[in-house]
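First up is the structure itself, then whatever we jot down about it.
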Amino acid sequence: MSDPVSLTDHPVQEASSTPPAPGRSRHLSDRWLTVAFISPALLLLLAMSVFPLLWALYLSFTDYSATRGGPATFVWFENFTAILTSAQVHLRAFTTLLYVVGAVTLQTVLGFSIAYLISRRVRGRGVLTTLFLVPMMLSPVVVGLFWRFMLDAQFGVINSMLGSIGLGQVEWLTKQNTALISLIVVDTWQWTPFIMLIALAGLTAVPKYLYEAASIDRASEWFRFRTITLPLVWPLLLIAVLFRAIEAFRLFDLVYILTSGGPGVSTETLSFHVYKVAFLGFNTGTASAYGILMVLIVIVLAQLYMRYLNKLKED
Amino acid sequence: MAVSVNEAVSAGPARDRTPPARRRRGRGRAVVETATLTVLAAVMLFPVLWMIETSIKENRDVYAIPAKFFDFTVTLDHFKDVFVASGGGPTTLSGSFLNSVIVAGVSTVLATVLGVPAAWAYSRFSVKAKKDQLFFILSTRFMPPVVVVIPIFLMYRQVGLFDTKLGLILIYTAFNVPFTIWMMKGFVDEVPAEYEDAAMLDGYTRLQAFWKFTLPLLLPGIAATAVFALIFSWNEFVFAIFLTSSDAVRTAPPAIAGLIGGTTVDWGLVAAASIVFALPVLIFSYLVRKHLVAGVTLGAVRR
């Protein structure tokens, strides 16, 4: 931040020795200011985030359909039991789990490795970091479209390169078992820079004297990494991983653009399935119940995230 | 202070003074490390380069098998096609870019106007259950968009906000406010409250002290925060596709995604449109690179 305004001739102590009468009125006006400044933002969030979720909660107990219209009748927990016992939903949950675990693990390993390599460099770090960050800033639409072109079975550049080194063609997006892998690869390409950026922030915050002390003790490189680098970077890395896990769990756009859930239902994640139930099947009640269950999972993950965030801030 | 890319450049694990025998092994290792980094950087950047190449290739080179890496004819036709229709008028795509500018711009201004004062109040005053409030605010941002869009869709249909720019602006403002509050709270925390106390001793009210002394110091932070909010709204896809239906309202992301709807896809045009769409984002994110860590974690991580 920039430097102080020219008010330094007022010592700080004077602020606390104000006479009581103006102090009280100031306190009152502070209260008023707080309410006036915070409530517009909170009201907007209540109207646009909380109210819709409450409405969804209400709908989840009914058989409402957005196209059929008419009054909604209460079916209570029927929607929830239907979803929780549906084999279709279990399959989507499994796909989502595979995708989240696969993508986040790959991103973490790759991102941390790149950050570690960059942090050991003397020259060219700024340029390298900037270049590595490009994919993260692109819209998922652009990323999805572009990879769809590159992974095209006929004229995609990936197959063309595979062909030139003598390997066969792969139907990346149109075969059951490769489609999910492609999705994971594309997500990894886009979000490895995210983990890298945060890991790099952690790595560069490790105090130099720790390494110097360790090298005086002739500690091995691996020992230094295990006992100094990792414990100090870990808390920050964990936050990055949780953040990515939440994002991956609620991912929709990349699936929509890259595979539209296909072939078959092999890349249908929970998010995508909710969309199909809500906007193609128009079972609004069921979709709401489905959505509420997803929100519950996100809340649990977000709580975890915030707990670690708090811990990091307190240290 | 937020960790910045620039800081990341200057400090780091020390390269210690190693004895000569170990240094030779160290040099071999450095070569391996440099090579690995170069390969990784090439892999990361290749799709972007390929997109740029595709956008300036003639159509027959775009679909060439095997792919042409170097010897192709350069043309700017695809970029022309993004903006100028075959008849001569502006394309629907260029209209959607304009919509994007309006929606992203207005929602960013609104989020800033609502978020900055709230951030200041949260930073300066004691608020009941402040931590819980702040966490609640951030958690609204974590909700899956596909889930939120279902009731929002019904709500908008009811009040006539469906397929309007105002509807998109409102929802984008709502998802940028949590970010603005968290990000700006960090910046406000860095400005000592004593400045305001001192100004109030001079006879200014609290509000005047905020306006005249704190706000000017916050301007760089506000600018950075607004740029991130702009990028988030600009890139947003889920709300944009479900809450709009006509070309007159549609923003660029769903419009570009719509280019692959038909049986044949003009990939040169898709590439050119994607570049036109992504270029402002890249320029803006370069401008705020110092605050990238805070920005991409929604203002939560800063050191």
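The values are calculated or read from the model by the stated rules, or taken from the named source; none is laboratory data. Since the model is a prediction, treat every value here as computed from it, not as a measurement. Cβ placement follows ideal geometry from the backbone for every residue including glycine, while neighbour counts extend to all protein chains displayed.
Scanning the range A:119-143 for residues that are among the aliphatic types (A, V, I, L, M), assigned to a helix (DSSP H, G or I), more than 23 Å from B:Phe232 (Cβ to Cβ) and within 7 Å of chain B (Cβ to nearest Cβ) turns up just one, A:Leu128.
Among the criteria (1) more than 28 Å from B:Tyr195 (Cα to Cα); (2) free of Cβ contacts under 8 Å to residues at least 12 places away in the same chain; (3) not small (Gly, Ala, Ser), the one B:Pro216 does not fulfil is (1).
Confirm whether B:Pro151 is touching a Phe, Trp or Tyr at 6+ places or on another chain (Cβ under 6 Å), in a helix (DSSP H, G or I) and facing chain A (nearest Cβ under 8 Å). Judged against the criteria, B:Pro151 is a match.
From the list A:Pro207, A:Pro231, exactly one residue is within 10 Å of chain B (Cβ to nearest Cβ), farther than 30 Å from A:Phe149 by Cα and surrounded by fewer than 16 Cβ atoms within 10 Å (Cβ to Cβ). Which is it? Walk me through it before giving the result.
Numbers: A:Pro231 fails: within 10 Å of chain B (Cβ to nearest Cβ).
Every option except A:Pro207 fails the conditions.
Provide a single number: the residues in the range B:201-218 that are assigned to a helix (DSSP H, G or I) and more than 7 Å from chain A (Cβ to nearest Cβ).
Let us first name the residues in the range B:201-218 that are assigned to a helix (DSSP H, G or I), namely B:201, B:206-218.
From what is left, the residues that are more than 7 Å from chain A (Cβ to nearest Cβ) are B:208-212, B:214-216, B:218.
So the answer is 9.
Based on what the data block shows, is B:Val270 buried (at least 23 other Cβ atoms within 10 Å of the Cβ), outside the structural domain of B:Ile56 (by TED's automatic domain parsing), in contact with a helix residue (DSSP H, G or I) (Cβ under 9 Å, 6 or more places away or on another chain) and under 30 Å from A:Val277 (Cα atoms)? Walk me through how you get there before you give the answer.
Details: buried (at least 23 other Cβ atoms within 10 Å of the Cβ): yes; outside the structural domain of B:Ile56 (by TED's automatic domain parsing): yes; in contact with a helix residue (DSSP H, G or I) (Cβ under 9 Å, 6 or more places away or on another chain): yes; under 30 Å from A:Val277 (Cα atoms): yes.
Spelling it out, B:Val270 is indeed buried (at least 23 other Cβ atoms within 10 Å of the Cβ), outside the structural domain of B:Ile56 (by TED's automatic domain parsing), in contact with a helix residue (DSSP H, G or I) (Cβ under 9 Å, 6 or more places away or on another chain) and under 30 Å from A:Val277 (Cα atoms).
For the range B:172-191, state whether one or more residues are more than 24 Å from A:Ser288 (Cα to Cα), at the interface with chain A (Cβ under 7 Å from one of its Cβ atoms), buried (at least 21 other Cβ atoms within 10 Å of the Cβ) and more than 22 Å from the chain's Cα centre (by Cα). Yes, that holds for at least one residue. As a summary of the residue check, B:Phe142 satisfies the conditions (1) part of a helix (DSSP H, G or I); (2) under 23 Å from B:Trp234 (Cα atoms) except for the one numbered (1). Please tell me if A:Phe146 is surrounded by 23 or more Cβ atoms within 10 Å (Cβ to Cβ), part of a helix (DSSP H, G or I) and in contact (Cβ under 8 Å) with a residue 24 or more places away in the chain. No; evaluated as a whole, the condition is false for this residue. In the range B:256-274, is there at least one residue being part of a helix (DSSP H, G or I), at the interface with another protein chain (Cβ under 8 Å from one of its Cβ atoms) and under 30 Å from B:Ala121 (Cα atoms)? No, because not a single residue in the range B:256-274 is part of a helix (DSSP H, G or I), at the interface with another protein chain (Cβ under 8 Å from one of its Cβ atoms) and under 30 Å from B:Ala121 (Cα atoms).
For the criterion of being of a type in the set (Gly, Ala, Ser), in the same structural domain as A:Ala199 (by TED's automatic domain parsing) and not in a loop (DSSP other than H, G, I, E, B), A:Ser113 passes.
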